[in-house]
1. For the structure I just gave you, tell me whether ARG146 is under 19 Å from the mean Cα position of the chain (by Cα), basic (Lys, Arg) and surrounded by fewer than 21 Cβ atoms within 10 Å (Cβ to Cβ).
2. Just need a number here: residues in the stretch 319-330 that are crowded, with 24+ Cβ neighbours inside 10 Å, without any contact (Cβ under 8 Å) to a residue 60 or more places away in the chain and not small (Gly, Ala, Ser).
3. Checking the condition touching a Pro at 6+ places or on another chain (Cβ under 7 Å), of a type outside the set (Lys, Arg), crowded, with 20+ Cβ neighbours inside 10 Å and touching a residue at least 60 places away in the same chain (Cβ under 8 Å), which residue from ALA165, ALA214 passes?
4. Just the residues that are in a strand (DSSP E or B) and free of Cβ contacts under 8 Å to residues at least 12 places away in the same chain, please, taken from the stretch 140-162.
5. Tell me the residue from ARG195, ARG201 that is in contact with a strand residue (DSSP E or B) (Cβ under 8 Å, 6 or more places away or on another chain), basic (Lys, Arg) and surrounded by fewer than 19 Cβ atoms within 10 Å (Cβ to Cβ), please.
6. For the stretch 237-318, which fully contained strands (runs of 3 or more DSSP E) count at least 2 residues that are touching a residue at least 40 places away in the same chain (Cβ under 8 Å) and either hydroxyl-bearing (Ser, Thr, Tyr) or under 30 Å from LYS397 (Cα atoms) (or both)?
7. Pull up the stretch 93-119, narrow it to residues that are more than 23 Å from the chain's Cα centre (by Cα) and more than 23 Å from TRP406 (Cα to Cα), then point me to the one that is surrounded by the fewest Cβ atoms within 10 Å (Cβ to Cβ).
Amino acid sequence: MKQLDIGVVGAGPAGLAVALFLSRAGHRVEILERFDTPAPVGSGLLMQPAGLTVLAALGLFDTIQARGNRIDRLHGADAVSGRTVLDVRYDAAPGGRYGLAVQRAALFNTLHDAVVADGIPIRTGINLASTVQHGERVILRDQASRVVGDYDLVIDASGARSLLAAGSTSAPTIRDLTYGAFWATLDGAGAAHDRTALLQRYDKAKVMIGLLPAGRATVGDPDKVAFFWSLKIADVEAVKAAGLSRWKSVILDYWPDCQPFLDQIGDWDQLTLARYAHRTALPPFSGNLVFIGDSAHSTSPQLGQGANMALLDAAALSHALSTSGDIPSALKAYARARRNHVRLFQMLSLAFTPFYQSDSTAIAWVRDRLVSTIAKVPPMPGFLAAIVAGTVIDPFKSAGLTEHDWLSQRSQADTALPEVNAARSSAQI
């Protein structure tokens, strides 16, 4: 395809990643961001093998690995009985896969530093409201109806509340989910927690508390832990009105090990409220405007696939543009490439949600006694590991990717381990 003028709306993971792919493919790319200073939003997330493979294709694997924290399993227990409810291990499936818990700041810094190093321009303080298709070009207008850009292709990576997606012919129907979550990024030093696992505690399906060891924003920073508490969005104000001390006491009744983390929270402003919605733009483009990440699709966070799906979108769109003769053909190819994977994980996320976030006592009973038992019977452990990894169906080939070699990565880490331990011993001496 000829060299294109491309405007990328949004400097989140999806926008930064697609800008890197397309700039390196020879296109003229600029990013338009509504904030005056691009910055990450949110606490921690779990990078899965699917998303990590995309970062590897961008040459950023070692960078994110140095900032993240390796996760080998997801473990959940009933907070009252102590019964194990969830135990998913990446090594239950072949291939040597693992997850990498990161702060959102670490993912942002990794991608943003690469964008700056590549000299890709970022225009800030631009609040976009609409697009106009003018022949084969797309004109962007801000909220004052001023023209702020004119491109061959506009990529909307501005998130689930995108005005561009809402005003397009592919505008999705948005279904706001009942449950959201409070998140906080806290110091992990001195607190008892498993650094290799995402840990959760449940009371039926109405309460979910989690700890995710999330690494560091930049190399040299102290390690952090992402803490989250699931609750109904409709109950947020009532919880706040009852007071921070009351909220902490409820959590400690369920999980006393959270004390060192809760001691760090002195104000509601330290907590970020995450709201979730189920939405799908079909098709994920309108004229020469194309949607990726949460602008294209979003769902419950139960499988932790949001950022990973966004990175796969970026790779798939870049691959479609590189293998198609014109923009309309490329956008259709992109839609085909992502359709099955996106639909499958949206369906799985919605199916799992009631088991962990609902008022149903019956569903929680089934989860604790039936589902947790079936999950231990082969081949279910491997199947669950593939679901969590994002690889239950192959997401790589259609995006022009080859999955990262996890076994080689582990071998390199094992080789380096004696040297690292020796260096640590010398430092201690």
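1. Details: under 19 Å from the mean Cα position of the chain (by Cα): no; basic (Lys, Arg): yes; surrounded by fewer than 21 Cβ atoms within 10 Å (Cβ to Cβ): yes.
No; evaluated as a whole, the condition is false for this residue.
2. Residues flagged as crowded, with 24+ Cβ neighbours inside 10 Å, without any contact (Cβ under 8 Å) to a residue 60 or more places away in the chain and not small (Gly, Ala, Ser) within the stretch 319-330 amount to 0.
3. Being touching a Pro at 6+ places or on another chain (Cβ under 7 Å), of a type outside the set (Lys, Arg), crowded, with 20+ Cβ neighbours inside 10 Å and touching a residue at least 60 places away in the same chain (Cβ under 8 Å) holds for just one of ALA165, ALA214, which is ALA165.
4. Keep residues of the stretch 140-162 that are in a strand (DSSP E or B), which gives 140-142, 147-151, 153-156.
Within the stretch 140-162, just VAL147 meets the criteria.
5. ARG195
6. Details: elements: 272-274, 277-280, 289-291.
Answer list for the stretch 237-318: 277-280, 289-291.
7. Of the stretch 93-119, the ones more than 23 Å from the chain's Cα centre (by Cα) are 94, 117-119.
Applying the additional criterion that residues be more than 23 Å from TRP406 (Cα to Cα) yields 117-119.
On the way: ALA117: 9, ASP118: 12, GLY119: 7.
My answer is GLY119.
For every residue, the table says whether it meets (1) without any contact (Cβ under 8 Å) to a residue 24 or more places away in the chain; (2) assigned to a loop (DSSP other than H, G, I, E, B); (3) within 30 Å of MET208 (Cβ to Cβ).
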{"site": "GLY76", "(1), (2), (3)": "no, no, yes"}
{"site": "VAL80", "(1), (2), (3)": "no, yes, yes"}
{"site": "VAL102", "(1), (2), (3)": "no, no, yes"}
{"site": "PHE108", "(1), (2), (3)": "no, no, yes"}
{"site": "THR131", "(1), (2), (3)": "no, no, no"}
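The values are calculated or read from the model by the stated rules, or taken from the named source; none is laboratory data. Since this is a predicted model, take the numbers as computed values, not measurements. Glycine also receives a Cβ, built like all others from the backbone with ideal geometry; neighbour counts cover every protein chain displayed.
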